[in-house]
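This report concerns only the one structure given below.
The values are calculated or read from the model by the stated rules, or taken from the named source; none is laboratory data. Bear in mind the structure is a predicted one, so any value in this text is a computation, not a measurement. Counting neighbours? That spans all protein chains shown, and the Cβs are built from the backbone with ideal geometry, glycine included. These accessible areas exclude ligands, DNA and RNA; they are computed on the full protein's heavy atoms, side chains included. Shrake-Rupley method; radii C 1.70, N 1.55, O 1.52, S 1.80 Å.
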Amino acid sequence: MDDKCIMENLLLTTKGVIDLYMHGAIESSTNNVHQTFSCAFDDALSIQDNIYKQMTAKGWYQTNNAPQQDIQQVRQKFTPTC
């Protein structure tokens, strides 16, 4: 297994953990449990961001810019009319 594959697996695992922490926070029944999940969520987001930045720096995670026309259509769709 090469470094790129390891980083991809770390990123996917971290994203899965983030999803679990988010739902834990949403579904928590007490403030204490909510705070615990929220802190874990924030920590996991930071880890995910670091992994993403490292992968991007090595050219292992490439993104494409959305066409300006598509962005404008989404803006119009979600702009309040009242």
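Cβ-Cβ distances below 6 Å connect the following pairs, each with a first residue in region 33-54 that is in contact (Cβ under 8 Å) with a residue 24 or more places away in the chain, a second residue that is assigned to a helix (DSSP H, G or I) and aliphatic (A, V, I, L, M), and a separation of six or more residues or different chains: A44/V17; A44/I18; I51/L10; I51/L11. Taking first residues from region 3-29 that are within 13 Å of D43 (Cα to Cα) and partners that are open to solvent by less than 50 Å² (accessible area, probe 1.4 Å) and hydroxyl-bearing (S, T, Y), the Cβ contacts under 9 Å between residues at least 6 apart in sequence or on separate chains come to Y21/S38. Counting only helices (runs of 4 or more DSSP H) that fall entirely inside the chain and contain at least 2 residues that are among the aliphatic types (A, V, I, L, M) and open to solvent by 70 Å² or more (accessible area, probe 1.4 Å), the qualifying elements are 3-27, 31-57.
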